[in-house]
Amino acid sequence: MAVVGTLVSISGSLLLTPLILFLLVILFLASIGKSIGVRRLYVKTLLTLFEYGRQHIEIANKQKRRSDDSGFNSEDEGDSKRTRTTSEASDDGLQRGRTKGHQRNGSLKNGISLIQREDLILAPDPCHNKSDHNHRDSSNPRHPKSRSHSAGAPRTGTSNGTSEKGENSEQEDEIDNPGLDKDHRKLSFETLKREFDLSDSLTFIKAGVESIIEDEVTQCFEAEELRSWNLLTRTNRHYEFISWRLTVIWMLGFVVRYLFLFPLRVTICFVGVYWLTFCTAVVGYVPAGKFKRWLNSKVSIMCFTFLSSALSAVITYHNPENKPKEGICVANHTSPIDVLVLACDNCYALIGQRHGGFLGLLQRALARASSHIWFERSEVKDREVVTKRLRQHVSDPDNPPILIFPEGTCINNTSVMQFKKGSFEVGGVIYPVAIKYDPKFGDAFWNSSKYSMMQYLYMMMTSWAIVCDVWYLPPMHQAPDENAVDFANRVKSVIATQGGLVDLMWDGQLKRMCAKKEWKERQQEEFSKRLKVE
């Protein structure tokens with residue numbers, strides 16, 4: 001035991017000095033806002049390994065298919081060829097259908113579209129799809145407009161006063177209603193605009209079945225599917241055992257991530273939190289004024305840049321001329337890392353609920369240096385209190401821009417869901433920001449209903465890296481004839497377009513609660529209007 005203790009103490013003393021020097025170098029580079037490019041070179045190396053793994057997986061799959069094909073007997077060779085030809089043709093057709101479905105739906109599940117949706121989407125507000133209903137129903141022979149048009153429209157006559165089309169229409173009417181004469185049937189079609197048919201409910205039944213199989217809300221809270229394996233066991237299909245070369249690479253990667261990167265990142269995280277606490281405490285003693293605001297901005301960017309090293313973050317900022325300077329900054333929300341990503345390039349004021357534990361420590365540290373807005377649990381639901389605090393903050397041009405995530409919950413980096421209108425009722429300028437993570441190196445999405453904060457941080461620190469792009473979009477103002485909801489939807493659409501995300505109308509809180517009663521009633525009212533007698 002004495003020998004082991006001696007070896008541990010010697011190895012610790014040998015590694016302590018390089019570790020301290022390494023942390024000091026990171027801190028110095030963060031303080032001057034420079035980078036020597038080690039992380040970007042590391043990411044490029046990972047891309048090379050991923051491509052190498054993809055090629056070997058494809059080769060192994062081809063060899064497996066060849067071995068399966070060679071197992072057929074010579075007597076069944078002709079049948080197998082015909083079967084493969086038929087299956088390949090059907091696969092090609094299915095692939096074209098999947099591609100078409102992907103373009104229409106904007107969502108994938110395991111690389112394919114599970115169902116072919118029609119244009120009908122049961123939106124929270126049926127008025128959004130009113131034109132779609134009218135267009136679709138007008139082509140339906142049971143729709144009132146279609147019926148009235150077929151009955152009341154003039155028919156082009158022939159020599160005997162009727163046309164072939166008119167005769168076909170009359171024959172169809174006689175088949176549908178054999179017991180009615182023509183005059184009575186024409187009168188019924190003109191007066192009774194819509195009568196209930198059992199098939200009218202099929203549209204809603206189909207939408208309900210689609211929601212059970214693949215609803216647009218649940219997909220937004222599942223891990224994003226990858227097109228190729230990134231050498232992580234939580235994103236593979238046992239690819240690490242497909243060849244001995246990949247097995248060796250995966251084992252080396254496991255050793256690097258868990259025995260080198262993970263301890264180093266945990267050390268950087270703890271040092272960064274203590275350094276942030278110390279620096280903000282020092283800034284808190286500085287008298288209010290321009291110097292304090294300047295010092296707070298520099299300290300904030302330095303501390304968060306240092307913390308980004310704990311995740312091997314590689315962040316690319318686009319359009320810096322649109323960087324927020326005041327007012328409200330809104331962005332799509334994927335994970336708590338969003339704050340870290342944006343704070344590495346600009347100083348923001350934050351708004352949110354007071355927390356305890358690790359998050360509470362960070363909140364109290366940040367509050368010493370700048371004017372952040374933290375609410376008690378009882379105040380968060382009071383919209384008037386929140387709006388008043390926001391207006392007070394925005395009205396002071398000396399305050400830093402306040403960072404808000406209007407979705408209210410984390411979405412899985414594929415979509416943008418409904419923006420709450422509260423931050424758009426305050427007035428003033430809105431700075432949209434689009435954030436898009438590269439899932440090949442690590443899935444930044446936080447499923448708060450499945451993982452705790454500590455579990456999430458553990459997954460992030462054992463991933464390869466956090467790579468993302470940030471786009472600063474031009475500032476936007478509310479139009480004179482535009483309400484807060486329309487303004488929020490317009491901003492959301494701009495963010496989704498720039499980030500390559502799917503623009504959805506659903507409330508992200510649906511992952512924790514059922515659909516509102518008002519939405520159900522609106523759908524019932526919309527359906528009843530289609531059955532009324534006019």
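The values are calculated or read from the model by the stated rules, or taken from the named source; none is laboratory data. Worth saying up front: this structure is predicted, and the values here are computed from it rather than measured. Backbone-built Cβ (ideal geometry, glycine too); neighbour counts: all protein chains shown. To get the accessible areas, we keep the full protein, side chains included, count just its heavy atoms, and leave off ligands, DNA and RNA. Shrake-Rupley method; radii C 1.70, N 1.55, O 1.52, S 1.80 Å.
Under a 5 Å amide H cut-off, with hydrogens placed 1.01 Å from N, ALA434 pairs with TRP471, LEU473 among residues at least 5 apart or on other chains. A simple rule links phi to the HN-Hα coupling: the Karplus curve 6.51 cos²θ - 1.76 cosθ + 1.60 with θ = phi - 60°, which for the range 408-416 gives x, 7, 7, 10, 7, 6, 10, 9, 10 Hz, with x for Gly and Pro. In this calculation the C-beta distance from THR387 to ASP69 is compared with R0 = 60 Å, giving a FRET efficiency of 0.35. Projected label points at LEU226 and MET454, each 7 Å from Cα along the beta carbon direction, are separated by 2.7 nanometres.
On average over all directions, what projected area in square nanometres does the range 204-360 have, based on the convex hull of its Cα atoms? The partial results should precede the final answer.
Values: hull surface 61.0 nm².
That works out to 15.2 nm².
All C-alpha pair distances within the range 300-383, sorted into 10 Å bins from zero, spread as 14, 46, 33, 7 percent across the bins. Pairwise Cα distances in the range 391-476 exceed 19 Å in 53 percent of cases. Count Lys and Arg as plus one, Asp and Glu as minus one, and take only other residues whose Cβ is under 10 Å from that of TRP229; the net charge is then +3.
The per residue volume of the convex hull around the alpha-carbon atoms of the range 16-60 is 77 Å³. Only protein atoms count toward the accessible area here, which uses a 1.4 Å probe; on the range 389-534, the carbon and sulfur part of that area reaches 54 percent.
Subtracting the Cα-Cα distance from 0.36 nm times the residue separation, let me have the gained length for ASP486 to ILE32 in nm, one decimal. It would help to have the intermediate numbers written out before the result.
Numbers: separation 454, 0.36 × 454 = 163.44 nm, distance 4.19 nm.
Length gained, ASP486 through ILE32: 159.2 nm.
Using only the C-alpha atoms, the convex hull of the range 356-506 corresponds to 145 Å³ per residue. The 3J(HN,Hα) values that the Karplus relation (6.51, -1.76, 1.60; θ = phi - 60°) gives for the range 320-328 are, in residue order, x, 5, 9, 4, x, 10, 7, x, 10 Hz. Gly and Pro appear as x.
Near the amide H of ALA313, within less than 5 Å, lie the amide hydrogens of ILE466, all on another chain or at least 5 residues away, with H placed in the peptide plane.
Given their separation in residues at 0.36 nm each and the Cα-Cα distance between them, LYS325 and ASP503 gain 61.4 nm when the chain is fully extended. Sorted on the mean count of surrounding Cβ atoms within 10 Å across their residues, most packed first, peptides 418-425, 318-325 read 418-425, 318-325.
Take the Cβ-Cβ distance between LYS206 and SER528 as r, set R0 to 25 Å, and report the resulting FRET efficiency rounded to the nearest 0.05. Numbers along the way, then the final one.
Working: r = 19 Å, r/R0 = 0.77.
The calculated FRET efficiency here is 0.85.
Taking 7 Å steps out from each Cα toward its Cβ at ARG237 and GLN353 produces label points 3.9 nm apart.
Once you've got the Cα coordinates, tell me which of LYS388/LYS420; LYS34/LYS290; LYS64/LYS440; LYS292/LYS436 are over 28 Å apart.
Numbers: LYS388/LYS420 16 Å; LYS34/LYS290 25 Å; LYS64/LYS440 26 Å; LYS292/LYS436 33 Å.
Violating the 28 Å Cα-Cα cut-off are LYS292/LYS436.
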